[in-house]
Amino acid sequence: MRPLGLYPKILLSFLVLLLMVQALMFGSFLLLDDHPPPGHLDSHLRGLALFSQKFAQQALGESGTSQEPTPETLGALTRELAQITQGQAWVQAAGATLAQSFSGPPPEIGLAPPLDQARSWEGISVVPLPPRQMLIAMPLAAPAPPEARLLLLLAHPPGQPPPHRLFLVRLALVCLLVALLVIPVSRLIARPIRQLRRSALMIADGDLNHRAQVATHDEIGELARALNHMTDRLQQMVLASRELLAYVSHELRSPLARLAVAGQLLGDGLATAPRQGSLRHLEDIREEIARMDDLLARILLLSRLDLHEAPLQREKLDLAELLGRLAERWRPWLAHRGLELNLDMAAPAWVLGDRQALASALSNLLDNVAKHSLPNGRVTLSLARAGLVWRLTLRNPCPPLRSAELEAIFQPFHRGRGGGQGSGLGLALSRRIIAAHGGVLEAQYLPPCLVMEATLPAL
């Protein structure tokens, strides 16, 4: 199962957070909603309306006459009823207000409330009005005036608190819970980023042994593994530079010491010895100088290839023809060690490359064969087309090599077991030159031979 990336993880976290917020809001409405059930509210309002109607009829009937009540009687009735219900009460007949419990004109509520919201019992109508009000209209019988009705307006019906109070409480509670939930989510996302930052600062301060400890499998985990890989490469480069400094110091110190001895002998020879002896010491000095020059040239070329500062002079050339010339040049050296060189090449083999650089890389391969092969064996050099590339294979008898040694021989200044011969730069240069041409150079041990295989893009 492929692990979630960072973006899906953030999106999923906030979706879960949204669902939790909705659940909390729903729960808060259930816990804090003090509205009674609809059936209970209807029963309460019905009882209140019947009580108010009977109270008004009883108050009007106490006069003991059949005459219509006076405005004073109706006013006392509305004031007393408004005090009992904590609302506003007034009496209307034929569209005119006969009495009211408050000063000023009565509220303009209209006489035709929405039918889908009105509830009626025995001529009593209960209509909800915005915002959160309830109007109760009750007909009055004689001795009240004809078509008279008592209207009662309740600002906050029983069981309905002010509209803003519970909303503000719920909103504050939800905001608090969201803030509390965002804290662990943000910490979960930010923790590996802080660990990466701390690791990067430690590496920047020179602690190349430190590695980022991030075990996630998302983009942050991939970034941590890339940082660790970069640190590994930096550590190898720093170690290689230290080895380079130590090696160059040693390699230059030895020829310089020999030059000093040869110079002293040359001076003594010019003073006392025959001319022929002095010329021999002078030739030794020239050889040491040439060896130092070759060593420094190889180090400089290797550094330029590593820094991509060595431009290649590419041209169309026949790789088979170049290999043939180099093989004939190295054949006497190989024969001196009892090695027989066999060629198996397809011609022509056109490639696009730097003739001098490729000649140097291939010469280093043959030089390695001459120095490290077991004597009295057979060396095979073959060149064949393999799809879009030319494959060059070089086989030579060699002592057994482990897989770690097969990779180490391409490291700069590696000389193999016992120190070996040469500077240890030849194979490293060959691999970098071939890589600069878009090819690959690999080594494997197939008993009893070491097999070098190089590929170069074909034209």
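Here, each number is a calculation from the coordinates, and none is a lab measurement. What you are looking at is a predicted structure, and each value in this text was computed from that prediction instead of being measured. Heads up, the Cβs are rebuilt from the backbone with ideal geometry, glycines too, and the neighbour counts pull from every protein chain shown.
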Can you give the net charge of the other residues whose Cβ lies under 10 Å from the Cβ of R378, counting K and R as +1 and D and E as -1? 0
For the stretch 448-458, in residue order, the Karplus 3J(HN,Hα) values (coefficients 6.51, -1.76, 1.60; θ = phi - 60°; whole Hz; Gly and Pro = x) are x, 10, 8, 10, 9, 10, 10, 10, 9, x, 8
About the Cα centre, and with charges only on the beta carbon of Lys, Arg (+1) and Asp, Glu (-1), how big is the dipole of the stretch 314-457? Nearest 20 debye, please. 200 debye
The answer for the net charge of residues other than A96 whose Cβ lies under 15 angstrom from its Cβ, with Lys and Arg +1 and Asp and Glu -1, is -2
Project the alpha carbons of the stretch 314-457 onto their principal axes and report the range along each, largest first, in whole Å. 41, 28, 25
Counting other C-beta atoms within 10 Å, which of H210, H229, H372 has the fewest, and how do the rest follow? H229, H210, H372
What per residue convex hull volume, in Å³, do the alpha-carbon atoms of the stretch 329-372 yield? 81 Å³
Rounded to whole Å, give me the distance from the Cα center of the stretch 329-359 to that of the stretch 364-395. 8 Å
Mind ordering 214-222, 381-389 by average Cβ neighbours within 10 Å, highest first? 214-222, 381-389
Considering only the other residues whose Cβ falls under 12 Å of the Cβ of L317, what net charge follows from Lys and Arg at +1 and Asp and Glu at -1? 0
Based only on other Cβ atoms within 10 Å, what is the fewest-to-most ordering of L201, L374? L201, L374
